[in-house]
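See structure below.
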Amino acid sequence: MDLCFACRRLARMLLPAAFAWLLTACATLPQQPTLGVLPDAEQVHERLEARRQTVQGFSLLGEIVAKGPGGEVSGEHRILGQYPDRLRAEVDGPFGKPALLLICDGTRLAVLNYGEGKGYLGPASRANLSRFLGLMLTPAEVYTLLSGSTPLLPAAGGQVFASSTPGQAVLNLSDGAGLKQGVIFSPGDYAVFQAWVNDRDGGEISANFSDFVSLPAGRFPRRTLLAAGEGRELTLANDRLTVNPPGLDPARFEPVLPPGVEVQELQ
């Protein structure tokens with residue numbers, strides 16, 4: 001058989017198979033990017049803690065909405081925070097009328113309820129803060145959540161998983177005595193999107209962070225939703241958000257009420 005003829009015949013036999021293979025290859029869709037190897041729970045815990053501690057102060061200005069068994073109230077807020085547990089919140093009601101002033105130095109709490117024309121002074125305990133915020137939190141926990149992070153349980157025994165949402169991962173923690181916590185975060189910059197803690201009695205408190213803005217200190221949420229049992233919710237939608245503002249005066253966090261106000265002592 002002529003050699004050239006044999007080559008042409010072989011080419012005619014192989015060409016349809018090669019063409020079919022090429023079509024199959026072209027029709028294969030590219031795979032979605034993956035997160036790669038995730039860090040372990042202790043590394044994630046360390047990075048989340050480091051990010052939390054970068055916020056040495058904040059200034060928030062925007063809308064606040066509080067929901068609870070008694071109904072819903074809304075207004076405008078101006079909140080200052082100084083690391084690790086100092087808070088000053090001024091809330092105005094409709095038409096800009098002052099509604100509430102809350103000042104906390106981490107240990108003592110002062111609250112002025114303009115509607116009642118009455119002030120409150122006492123320890124900055126979970127129970128006393130809950131009376132005005134609706135959530136059983138310590139001043140340090142409130143500061144941490146308002147700064148776009150979350151208080152964390154110990155890292156021992158924790159686990160890290162890829163989330164079903166691209167670019168996110170989940171950290172699961174437990175204190176070994178009934179408390180369990182989940183944190184959804186970004187493995188890139190460790191911004192927190194969601195966190196929740198289940199207590200020993202089956203209750204839960206959760207935080208959702210959204211509407212992120214890029215600042216020199218990183219990405220931070222302009223919208224924060226805190227929720228607990230009995231339909232209790234506290235939402236902050238910040239028109240202005242400043243992280244680590246210069247010149248925060250510590251005197252602004254002294255729990256002192258104006259003279260002449262009727263004061264009730266808190267236990």
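The values are calculated or read from the model by the stated rules, or taken from the named source; none is laboratory data. Keep in mind that this is a model prediction, so the values were computed, not measured. Here the Cβ is made from the backbone with ideal geometry for all residues, glycine too, and neighbour counts use every protein chain on show. Each accessible area value is taken on the protein alone, full model and side chains, heavy atoms only, with ligands, DNA and RNA left out. Shrake-Rupley method; radii C 1.70, N 1.55, O 1.52, S 1.80 Å.
Have a look at 259, 142, 226 and report the one farthest towards the positive end of the charge dipole of the chain, computed about the Cα centre with Cβ charges (Lys/Arg +1, Asp/Glu -1).
226
Would you mind calculating the gained length between residue 204 and residue 76 on full extension (0.36 nm times residue separation, minus the Cα-Cα distance), in nm to one decimal?
43.4 nm
First compute the accessible area of the stretch 160-267 with a 1.4 Å probe, then give the percent of it belonging to carbon and sulfur atoms.
49 percent
What is the magnitude of the charge dipole of the chain about its Cα centre, with +1 placed on the Cβ of each Lys and Arg, -1 on the Cβ of each Asp and Glu, and no other charges, expressed in debye to the nearest 20?
The dipole magnitude comes to about 940 debye.
Scale the Cα Rg of the stretch 96-222 by the rule-of-thumb value 2.2 N^0.38 Å and send over the ratio, two decimals.
1.25
Report the accessible area of residue 165, computed with a 1.4 Å probe over the heavy atoms of all protein chains in place, in Å² rounded to the nearest 10.
60 Å²
Can you find, among 152, 213, 53, the residue farthest towards the positive end of the dipole of the chain? Put +1 on the C-beta of Lys and Arg, -1 on that of Asp and Glu.
About the Cα centre, the residue reaching furthest to the positive side is 213.
Among 123, 99, 79, which residue has its Cα positioned farthest towards the positive end of the charge dipole of the stretch 70-125, with +1 placed on the Cβ of Lys and Arg, -1 on the Cβ of Asp and Glu, and the dipole taken about the Cα centre?
About the Cα centre, the residue reaching furthest to the positive side is 123.
Using alpha carbons only, what's the Rg to Rh ratio of the stretch 148-208 with Rh from Kirkwood?
Taking Rg over the Kirkwood Rh, I get 0.96.
So for the chain, what are the equivalent ellipsoid semi-axes in whole Å, largest first, each being the square root of 5 times an eigenvalue of the Cα gyration tensor?
55, 20, 17
Just reorder 253, 95, 132 by solvent-accessible area, largest first, 1.4 Å probe, all chains present.
95, 132, 253
Residue 239 versus residue 263, label points 7 Å from Cα toward the beta carbon: distance in nm?
3.4 nm
Can you compute the charge dipole magnitude of the stretch 124-267 about its Cα centre, using +1 on each Lys and Arg Cβ and -1 on each Asp and Glu Cβ, nothing else charged? Give it in debye, rounded to the nearest 20.
With only Lys, Arg, Asp and Glu charged at Cβ, the dipole is about 320 debye.
Assuming a ≥ b ≥ c are the square roots of the Cα gyration tensor eigenvalues, decide whether the stretch 165-246 counts as rounded (a/c under 1.5), prolate (otherwise, with a/b larger than b/c) or oblate.
Oblate.
What is the spin-label model distance, in nm, from residue 50 to residue 223 if the labels are put 7 Å beyond Cα along the C-beta direction?
About 3.1 nm separates the two model spin labels.
Accessible area per residue for the chain in Å², computed with a 1.4 Å probe and the full protein assembly in place, what is it?
The answer is 56 Å² per residue.
What is the P(r) of the stretch 223-267, as percent of Cα-Cα pairs per 10 Å bin from 0?
Binned Cα distances yield the sequence 17, 23, 37, 23.
Run the helix sum for the chain: -39,500 (n - 2.57) per DSSP H stretch of 4+ residues, divided by residue count, reported at 222 nm to the nearest 500 deg cm²/dmol.
-6500 deg cm²/dmol
With helices defined as uninterrupted DSSP H runs, which ones in the chain have an alpha carbon span along their own long axis of at least 20 Å and mean Kyte-Doolittle hydropathy of at least 0.5?
Qualifying helices, which must be both long enough and hydrophobic enough, are 3-27.
For the stretch 52-128, what is the convex hull volume of its Cα atoms per residue in Å³?
Output value, Cα hull per residue: 109 Å³.
Kindly state, to the nearest 0.05, the FRET efficiency for residue 118 paired with residue 251, given R0 = 25 Å and r defined as their beta-carbon distance.
With R0 = 25 Å, the Cβ-Cβ based efficiency is 0.60.
So which lysines can residue 97 reach, going by Cα to Cα under 30 Å and dropping same-chain residues fewer than 8 places off?
67, 118
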